[in-house]
Amino acid sequence: MTESDPTTTALDVTPDTDREVATLAPIHTPRNLDELAARQRQGQSIIEARAAILTSVKTFALRACSPPDFVLFKADDGNVVAFLEDAGCDRIRPYYGIEIRDVSDPVKTTGPDGGYYYTVKASGFCKLTGETLEAVEGGRSSAEEFVKHVTDPMQRDLYVRRAARASADGIVVRTLSGLQNIPVEELARAWTGTPKSVEQCRKGRGFGSRTERLGGNRENAPNVRPPVCPHCKATGAYRPARGDRAAFYGCPNYESHRAKVWIVDAADWIKQQTPAASPAPATPPPAAAPDAREPGAEG
């Protein structure tokens, strides 16, 4: 490269070494609508490029997660959204370049019944978008399911305190990434071509009783092994007779394949089955360290 080379006008050249080192000069990036509008067609191209990059980042971030990282919630209108839990937030942080900053010391509040609640505040910065989030508050309680079987008071206190920090981090990451509530269709598109499916995600509010969400049957369900949906491999949910409608088994995930209806007449199915053995009494898990990064969905 020589001084007469026209490309040097766009480069900074350092000739004090055995070889010349060229670095690109800084490029001004439009930061608001007025600056984009001033560039007219180029401004439109910049917007489209930014949108494409953000879409790609979101897709790769969601692909990095697994079904256990999400809990599905169904609204009264039937729409299903996926909530990204705190453990999943750890997986997507590198894609957005999110930094957790200004983490406060945990604050413990004890209730009259002896239970307690830890809260932690944190701020965040996203390198990808340049956005900041100030002083969000996360918290967890000693009455929650993830520490229910921890008998050692000091261990329980430690796990709740860690979970409160994870909660604050999760709020920062979900907010700055725009992944607070993900339409289930968007999650399914991101997982296209992978072994992952939304049917493998855990179920939250709107998907029957807690027993059903954990894979059990209704209390009044027949004592037989339920059929399995051929479309999504979910265990069929028993629906008792109502009015002129006979009892049947249906797919708990029918919203994800409305075009493929699957219903099994309960009476016919029961005739074909051998009564299932009574389940063994549940044995509480040992008081081993539960993963405080996966304590369950917020709200």
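Some notes on this structure:
- Counting other Cβ atoms within 10 Å as a rough exposure proxy, the listed residues ARG91, ARG140 run ARG91, ARG140 from fewest neighbours to most.
- Members of LYS196/LYS271; LYS74/LYS127; LYS58/LYS108; LYS127/LYS196 lying beyond 31 Å, as alpha-carbon distances in this model show: LYS196/LYS271; LYS74/LYS127; LYS58/LYS108
- Against the rule of thumb 2.2 N^0.38 Å, how large the Cα Rg of segment 82-233 comes out: 1.28
- Fully extended contour minus Cα-Cα distance, from ALA135 to ARG50, at 0.36 nm per residue: 27.8 nm
- Taking a ≥ b ≥ c as the square roots of the eigenvalues of the alpha carbon gyration tensor, segment 232-275 is oblate, as a/c is not under 1.5 and a/b does not beat b/c.
- The stretch between GLU145 and GLN42, if pulled fully straight at 0.36 nm per residue, gains 31.7 nm over its current Cα-Cα span.
- Loop GluC sites (Glu not before Pro), segment 59-136 (other Cβ atoms within 10 Å of the site Cβ: 15 or fewer; DSSP): GLU131
- For segment 172-186, Karplus couplings with θ = phi - 60° (6.51, -1.76, 1.60), whole Hz, Gly/Pro x: 4, 5, 4, 6, 5, 8, x, 10, 5, 10, 9, x, 4, 5, 5
- Phi to ³J(HN,Hα) by Karplus 6.51 cos²θ - 1.76 cosθ + 1.60 over segment 85-93, Hz, x for Gly, Pro: 7, 4, 5, x, 4, 4, 6, 8, 3
- A Förster distance of 35 Å, applied to the separation of the beta-carbon atoms of THR110 and ASN181, puts the FRET efficiency at 0.60.
- Ranking of ILE53, ILE171, ILE98, ILE270 by neighbouring Cβ atoms within 10 Å, starting from the fewest: ILE53, ILE270, ILE171, ILE98.
Taken together, the values in this text are just the output of simple stated rules run on the coordinates, not laboratory data. The shown structure was predicted, so the numbers you read here are calculated from the model rather than taken from an experiment. Neighbour counts run over all protein chains shown; Cβ positions are idealised from the backbone, glycine included.
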